[in-house]
Amino acid sequence: MSRREAWLSVTVVFGVAVLVRAWAATQITFPRPEDVAYYVHVARNLLEGRGLTADVIWSYATPPLVFPRPAFEIWLPLPTFLMAIPMALFGHTFAAAQVASVIEGSAVAVLGWRLAADVAAERGLSAARARWLALGTGLAAAVYLPLVLSSVQPDSTMPFAVLVLGATLVMRRILDSTPITPLLLDRRAIAALAGLGVLLGLAGLTRNEAIWLALAWAILAWRSTRWAGPLGDRFRAALPLIGIPAVVSVAVYAPWAMRDWAEFGTPLPGQAIANALLLSHQDLFAWASPPTLERYLAVGLPALVGQRVDALFHDLGTVLLLLGVPASVIGLVGLPWTARGATLRPLVVFSLATFLVATLAFPVATLAGTFLHAAGAIHVLVVLSALVVLDALVERVRVARAWTRPVAWIGPLLAVAGGALLGGTLLLQDGAGARAVAARYAALPGALSEAGAPLPADGSPVISDHPIWLATEDGVRAIALPDESPADVLDLAKAFGAGLLVMEPRTGALWPRVLDPEEPGAECFRPVPLAPSVPLPPSEPADPLADLVVFQIVCTLPLGQGQQ
């Protein structure tokens, strides 16, 4: 592929990806899920001169539990820093935050193109097949629904995917160079290793799964020193390969570790152990009954195995398979064959480590998005695998039928058409759901004022099962509703001075059905009737507040009584 052709392909892939994501952003106008709202919320506070703080406490596992709340007790800051750039230029809005993620998602499609071109070269494909494999992978990634959705919901998914793909491409180029020893380490090699360290450090500022990216490099770098001979010589050969990226990545991450140490008392990622001990998603918001090892083991081996089976079906089926059909089916089935080459080895090692750790070590947390948000680069691997399978299938048919004209474009056409059809349909549905949630939180303040229970203006927080949305959209402080007894929630209200509870009843949730008259403390929660403060337009016949339930907390228990 000539330089001119390469630049033309990159321009086409990036342009299509931007156009698709720009259209999708017009449909997705509300930050769903809540972690998206959190990144946007902190970016807004940062631009308003309030620093890295949040007006929400969504988990009680990491002290200090105070307002203003230091941000990112478990998540990481780079996505917020990136979206703050367009927000500073275009306004402190969700649409401005989407600009950063649209660009990042489009870069992911371009990196998919580059990875596919490397695979084509390794496989020795003809010029026509190589051209269509690279272009087809880039265009398929441009319309692939899981990647498009993540590109218009600005969180950690797309920046992490960019860094993972970039790092794995650099890893492969380092490993493909002439074997080096410390005595032969030239400036170009040092620069490549230092660049890899920067990518690893930035990935560490994006998601905790960066540790598996670093582990993948350590494994591959050690494996590449087999030529060095005895064990001692292998250590000396591997030392600069592993040591230089390690030192640089630690230097990039160190300022954030020092900040965490100052704010939370530890430089290490918070809540990792607690998240491994979750028995249900609601344990994330526990107040009186936080996860413990004793309680975790007490449920028994069958229940713990069942957790991991559920996580396996979720991570494999829901995350990797469901939203990407038909390309995801083809890619996953063909992956054991397509992933054998050296080009994909760094990405494959990272993908396996990330998938296995999320599924086996964090089986409940992964149902809330642990693997989902780390899987952007893995989706690209699946798309590329599908295009390799389709290319081989089309070539086999061409040879069998003795076709003389090139037909390598058929596979990319099928993948792109299938992805665009499914993506366009589901994005319209998702956009309607996002607008409904936006209408709900827009109507809430007026309805509460009409009902005589306005949102607090004195800085006292509101308890909510969606505290991040409430804080971001309605400008109040909010704390998470634990799935615990009325007495425990009263204890929480006493600790924070909360007098209002806003929630959305969900199937299987404890609240509000726990408010049985015989339950201690249930009488302290007085229902607040809600009605829209203004007449609904004909275009929105449904009541946006129909799914919300509000209670005034009219009495409290002594602090600590609910936890006895």
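Brief remarks follow.
- Shape of region 175-275, Cα gyration tensor, a/c cut at 1.5: prolate
- Protection proxy ranking for 156-167, 312-323, 111-122, using the average of other Cβ atoms within 10 Å per residue and placing the highest first: 156-167, 111-122, 312-323.
- Relative contact order (%) - region 218-301, alpha-carbon pairs under 8 angstrom, separation at least six: 14 percent
- Take each peptide in 426-433, 101-108, 248-255, count the other Cβ atoms within 10 Å of every residue, and average; sorted highest first, the result is 101-108, 248-255, 426-433.
- Correct choice for volume of the Cα convex hull per residue in Å³ that was computed from the model, options (1) 142; (2) 186; (3) 160: (2)
- For the chain, calculated [θ]222 nm from helices alone, where every DSSP H run of n ≥ 4 adds -39500 (n - 2.57): -20000 deg cm²/dmol
- Length-normalised contact order of the chain in % [C-alpha pairs under 8 Å, at least 6 apart]: 17 percent
- 3J(HN,Hα) couplings calculated from phi for region 129-139 with the Karplus curve 6.51 cos²θ - 1.76 cosθ + 1.60 (θ = phi - 60°) are, in sequence order, 5, 5, 4, 6, 5, 5, 5, x, 5, x, 5 Hz; Gly and Pro show x.
- Couplings for region 487-493, taken from phi via the Karplus curve 6.51 cos²θ - 1.76 cosθ + 1.60 with θ = phi - 60°, read 4, 5, 5, 5, 4, 4, 4 Hz in order; Gly and Pro are left as x.
- Highest average first, the peptides 135-146, 2-13 ordered by how many other beta carbon atoms sit within 10 Å of their residues are 135-146, 2-13.
- Coupling constants for region 53-62 follow from the phi torsions by the Karplus curve (6.51 cos²θ - 1.76 cosθ + 1.60, θ = phi - 60°), and in residue order they are 10, 9, 9, 9, 10, 9, 8, 9, 7, 10 Hz; glycine and proline get x.
- Förster radius 35 Å - calculated FRET efficiency between Phe67 and Ala442 (Cβ-Cβ, nearest 0.05): 0.90
Read-outs throughout are calculated quantities, based only on the coordinates presented, and are distinct from any laboratory measurement. All values derive from a computational prediction rather than experimental measurement. Cβ atoms come from the backbone with ideal geometry, glycine included; neighbour counts cover every protein chain shown.
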